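The values are calculated or read from the model by the stated rules, or taken from the named source; none is laboratory data. For clarity, every value in this text was computed on a predicted model and none was experimentally measured. All Cβ positions, glycine included, derive from the backbone under ideal geometry; neighbour counts span all protein chains shown.
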There are 2 protein chains.
Amino acid sequence: MVATRARIAVDAMGGDHAPAEIVAGAIRAKAELDVDILLVGDPDQIRAATPNEENLSDLKIVPAEGTIEMHEEPLSALRRKRKASINVSMDLVKQQEADAVVSAGHSGAAMAAALLRLGRLKGIDRPAIGAVFPTVLADKSVLILDVGANVDCRPKFLEQFAVMGTVYSKHVLGIEHPKVGLLNIGEEASKGNDVAVQVHQLLTDHPAVPFVGNAEGRDVLSGQFDVVVCDGFVGNVLLKFAEAVGESVLQILREELPRGLRGKAGTLILKDNLKRIKQRVDHAEHGGGLLLGVAGIAVISHGSSQAPSVFNAIRLAKEAVDNQVLDRIQAQYHKVAMPAADGE
Amino acid sequence: MVATRARIAVDAMGGDHAPAEIVAGAIRAKAELDVDILLVGDPDQIRAATPNEENLSDLKIVPAEGTIEMHEEPLSALRRKRKASINVSMDLVKQQEADAVVSAGHSGAAMAAALLRLGRLKGIDRPAIGAVFPTVLADKSVLILDVGANVDCRPKFLEQFAVMGTVYSKHVLGIEHPKVGLLNIGEEASKGNDVAVQVHQLLTDHPAVPFVGNAEGRDVLSGQFDVVVCDGFVGNVLLKFAEAVGESVLQILREELPRGLRGKAGTLILKDNLKRIKQRVDHAEHGGGLLLGVAGIAVISHGSSQAPSVFNAIRLAKEAVDNQVLDRIQAQYHKVAMPAADGE
């Protein structure tokens, strides 16, 4: 099952800047990482979007027809457009022609396509979307899950998120001893809503989760947690809020810094330092979301992804493949992957 | 019932910097705003914390004994310490000797003391804590509620938050036509968890709520909403996250801007512009939380409040008194304020 070199199916048609930026990111990944790339989409559009066509020679193009648009309802659109790029991408994994999928398209559609084509891992009730955030510490990130797949969660779902997050943190993000927290409104075990109180108990007792306690909103980006679990409602609100805050702050900097003559001079002098600040604040620099719990590896990149984000997403997918995260999650449940449902 | 000049009971003993910073903020408020101040706390400590004692001559000191510490369980501590500053402050409102309370102490204790001493407004099932956030637009704020009082909410609680938020936005924050949003994970009415879907319907139908639709995480600080309602779990996570993000960004600026010789020179030149950025980003500059739905006006300031925040909180309380927000909320429910429960 494991190829010597990770084979990544890249949905070339999904995202605001598809196919040009997706293809550019894939070409860079092929050049710099030890991966095979399968570009999934309309061959003509892919070629038209590539300034130097010879750059495509090392990549395999797999034809697909159309894509799921952002306004479409995922399930019906996936059924109607059977040859859409995200469906074809997931099928490549199902048929073991690829090891992972990277898509910047409709995230709900990617999630649904993965569930329909690949099925869930045994022991996992609900797959989750994990997102990697920068923290206030320059060299440290935090994995937050779920950021949007499950808006109403039972306690055992969050327990499973913690198990999956632990495995990913260790084996994809390279944290030897990850610290896992539960997003909550206070430090004490008794704090929070009904679900949070129950999850706190489940995680405290869990042998495979290095649970260190509740993480309040202020702790999320402090760098003291490597994994933070929450339901997909609050996680999604937080994800979008964090992205917007980063952008807002950069906008305020752009407005206020160059004010006046001194401002213009100072801003010019600080150009390089400001670029580094943008990199640390800007969420887009920090790669994609992970779809955890389906029987395949899928990285869901932000819809606004440009080549650097696509490159980062492919690298994340490669790490997940190379470090056999699916097998490791599965090992936690002492069972084998459930066969995928057929098509729907 | 309405005095000609708002009388604000200020809990001088609550908060990390009590009593010195609380007293300093109160003295400034007395000097600059048209209010009467009742400083509640240990008279000796209040005097000892005031560099120029003659500044206290225009304020009334109301003796109290002790305060509720941050680690104490609110209900039992409030019962044990009957003369604690927050209890005495609420009693002043109950006995109509003050019109509002301002406290930077234990927020759970302030909430509980208000409920026990003042009771709820008729028609309100659960009081909420509202917080005013800066938005990306320089002259625009957004009121978010609930930010922590109610972690498990039924749909009608959020409907009431929207009614109260509308009244406060109009009559305290001065927004003639407030736009009210529901915090959610997508724009469509069908999005979100079970509670959110039901609340969306309730608000769409509500005659007294200018509901404009769902607010996603990214919309909260965009300036397109004046009021955003949510349950106290997600609201509290968001509040603490936002505070921390503001601090984190300022910290990254402090680390990265002065790097190297050019960095140091540029940062020096930009000193004034950076101060303005700090003011726009820093949540602490933007005043306190409002306790909405109890039969009295209470402003809960951040525990780390220093004199400027205390001053802002007093101004907020004064605005609420002068603009008769309790009567206006009550008018929405066509009933009169419920008499307070006696003591407990």
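Hey, among A:Ser85, A:Ser76, which residue is among the hydroxyl-bearing types (Ser, Thr, Tyr) and under 16 Å from A:Ser103 (Cβ atoms)? Spell out the reasoning first.
Details: A:Ser76 fails: under 16 Å from A:Ser103 (Cβ atoms).
Going through A:Ser85, A:Ser76 in turn, just one is among the hydroxyl-bearing types (Ser, Thr, Tyr) and under 16 Å from A:Ser103 (Cβ atoms): A:Ser85.
In the set (1) closer than 25 Å to A:Ile8 by Cβ; (2) among the polar types (S, T, N, Q); (3) within 9 Å of chain B (Cβ to nearest Cβ), the condition left unmet by A:Gln279 is number (3).
Looking across region A:45-54, just one residue is of a type in the set (S, T, N, Q) and either assigned to a helix (DSSP H, G or I) or not assigned by TED's automatic domain parsing to the domain that holds A:Ala6 (or both), and that is A:Gln45.
Which of the residues belonging to region B:82-136 are hydroxyl-bearing (Ser, Thr, Tyr) and touching an Asp or Glu at 6+ places or on another chain (Cβ under 9 Å)?
B:Ser85, B:Ser89, B:Ser103
Suppose the filter is surrounded by fewer than 21 Cβ atoms within 10 Å (Cβ to Cβ) and either in a strand (DSSP E or B) or in contact with a strand residue (DSSP E or B) (Cβ under 6 Å, 6 or more places away or on another chain) (or both); does A:Val212 pass it? Criteria met by A:Val212. A search for C-beta distances below 9 Å between a residue of region B:255-276 that is within 15 Å of A:Glu255 (Cα to Cα) and within 7 Å of chain A (Cβ to nearest Cβ) and any residue that is surrounded by fewer than 20 Cβ atoms within 10 Å (Cβ to Cβ) and basic (Lys, Arg), counting only pairs 6+ apart in sequence or on different chains, returns B:Leu270/A:Arg262; B:Asn273/A:Arg259; B:Asn273/A:Arg262; B:Arg276/A:Arg259. Among the residues of region B:194-213, the ones that are more than 11 Å from chain A (Cβ to nearest Cβ) and without any contact (Cβ under 8 Å) to a residue 40 or more places away in the chain come to 7 in all. Residues in region A:215-242 that are surrounded by fewer than 23 Cβ atoms within 10 Å (Cβ to Cβ), under 30 Å from B:Asn214 (Cα atoms) and touching a residue at least 24 places away in the same chain (Cβ under 8 Å): A:Glu216, A:Asp219, A:Ser222.
Just checking, which of B:Val136, B:Val132, B:Val101, B:Val142 is farther than 26 Å from B:Gly303 by Cβ, of a type in the set (A, V, I, L, M, F, W, C) and touching a Ser or Thr at 6+ places or on another chain (Cβ under 6 Å)? Before you say what the answer is, go through the steps one by one.
Details: B:Val132 fails: farther than 26 Å from B:Gly303 by Cβ; B:Val101 fails: farther than 26 Å from B:Gly303 by Cβ; B:Val142 fails: farther than 26 Å from B:Gly303 by Cβ.
Criteria check complete, one pass: B:Val136.
Residue-wise test of (1) among the polar types (S, T, N, Q); (2) closer than 18 Å to A:Arg218 by Cβ.
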position: A:Gly232; (1), (2): no, no
position: A:Gly246; (1), (2): no, yes
position: A:Gln251; (1), (2): yes, no
position: A:Leu257; (1), (2): no, no
position: A:Gly263; (1), (2): no, no
position: A:Lys271; (1), (2): no, no
position: A:Arg276; (1), (2): no, no
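Does at least one position in region B:228-243 carry a residue that is in a loop (DSSP other than H, G, I, E, B), more than 7 Å from chain A (Cβ to nearest Cβ) and of a type outside the set (A, V, I, L, M)? The answer is yes; a qualifying residue exists. Going through (1) at pLDDT 95 or above; (2) facing chain A (nearest Cβ under 9 Å); (3) more than 21 Å from the chain's Cα centre (by Cα) one by one, B:Leu183 falls short only on (3). Scanning region A:1-23 for residues that are in a loop (DSSP other than H, G, I, E, B) and either basic (Lys, Arg) or at pLDDT 95 or above (or both), which turns out surrounded by the fewest Cβ atoms within 10 Å (Cβ to Cβ)? Residue satisfying both the conditions and the ranking: A:Arg5. Taking region A:24-74 as the search range and keeping residues that are over 17 Å from A:Leu92 (Cβ atoms) and in contact with a Leu (Cβ under 8 Å, 6 or more places away or on another chain), which one is surrounded by the most Cβ atoms within 10 Å (Cβ to Cβ)? Only one residue fits best here, namely A:Ile27.
Going through region B:172-209 one residue at a time, which ones are of a type in the set (A, V, I, L, M) and in a strand (DSSP E or B)?
Matches in region B:172-209: B:Val180, B:Leu182, B:Leu183.
Take the conditions touching a Ser or Thr at 6+ places or on another chain (Cβ under 8 Å), under 24 Å from B:Ala242 (Cα atoms), at pLDDT 80 or above and assigned by TED's automatic domain parsing to the domain that holds A:Leu203 and apply them to A:Leu274. Does it pass? Yes: the conditions hold for A:Leu274. Under the condition of being of a type in the set (Lys, Arg) and touching an Asp or Glu at 6+ places or on another chain (Cβ under 7 Å), the residues counted in region B:146-169 number 1. Taken as a whole, region B:92-106 holds no residue that is modelled with pLDDT under 95, among the hydrophobic types (A, V, I, L, M, F, W, C) and surrounded by fewer than 24 Cβ atoms within 10 Å (Cβ to Cβ).
Determine whether A:Asn236 is under 19 Å from the mean Cα position of the chain (by Cα) and within 18 Å of B:Gly235 (Cβ to Cβ).
yes
If the condition is being more than 27 Å from A:Ala242 (Cβ to Cβ) and basic (Lys, Arg), then region A:89-138 contributes A:Lys94, A:Arg117, A:Arg120, A:Lys122.
Does A:Asp58 meet the test of being of a type in the set (D, E, K, R) and within 21 Å of the chain's Cα centre (by Cα)? Lay out the reasoning, then the answer.
On the way: of a type in the set (D, E, K, R): yes; within 21 Å of the chain's Cα centre (by Cα): no.
The answer is no for A:Asp58.
Would you check if there is a residue in region A:215-223 being part of a strand (DSSP E or B) and not β-branched (Val, Ile, Thr)? Lay out the reasoning, then the answer.
Here is the first cut: in region A:215-223, the residues part of a strand (DSSP E or B) are A:215.
Now restrict to residues that are not β-branched (Val, Ile, Thr): A:215.
The answer is yes, given that some residue of region A:215-223 is part of a strand (DSSP E or B) and not β-branched (Val, Ile, Thr).
Right, B:Leu268: touching a helix residue (DSSP H, G or I) at 6+ places or on another chain (Cβ under 9 Å), surrounded by fewer than 17 Cβ atoms within 10 Å (Cβ to Cβ) and modelled with pLDDT under 85 or not? Walk me through it before giving the result.
Values: touching a helix residue (DSSP H, G or I) at 6+ places or on another chain (Cβ under 9 Å): yes; surrounded by fewer than 17 Cβ atoms within 10 Å (Cβ to Cβ): yes; modelled with pLDDT under 85: yes.
Answer is yes for this residue.
Could you list all residues from region A:60-76 that are among the aliphatic types (A, V, I, L, M) and at pLDDT 95 or above?
So in region A:60-76, the residues among the aliphatic types (A, V, I, L, M) come out as A:61-62, A:64, A:68, A:70, A:75.
Listed by number, the residues that qualify are A:Ile61, A:Val62, A:Ala64.
Confirm whether A:Leu143 is in contact with an Asp or Glu (Cβ under 9 Å, 6 or more places away or on another chain) and away from chain B (no Cβ under 14 Å). So A:Leu143 fits the description; yes.
Consider A:Val249 carefully, then state whether it is of a type outside the set (Phe, Trp, Tyr), over 19 Å from A:His177 (Cβ atoms) and more than 7 Å from chain B (Cβ to nearest Cβ). So A:Val249 fails the test. The set of residues in region A:125-137 being surrounded by fewer than 24 Cβ atoms within 10 Å (Cβ to Cβ) and more than 14 Å from chain B (Cβ to nearest Cβ) consists of A:Asp125, A:Val132.
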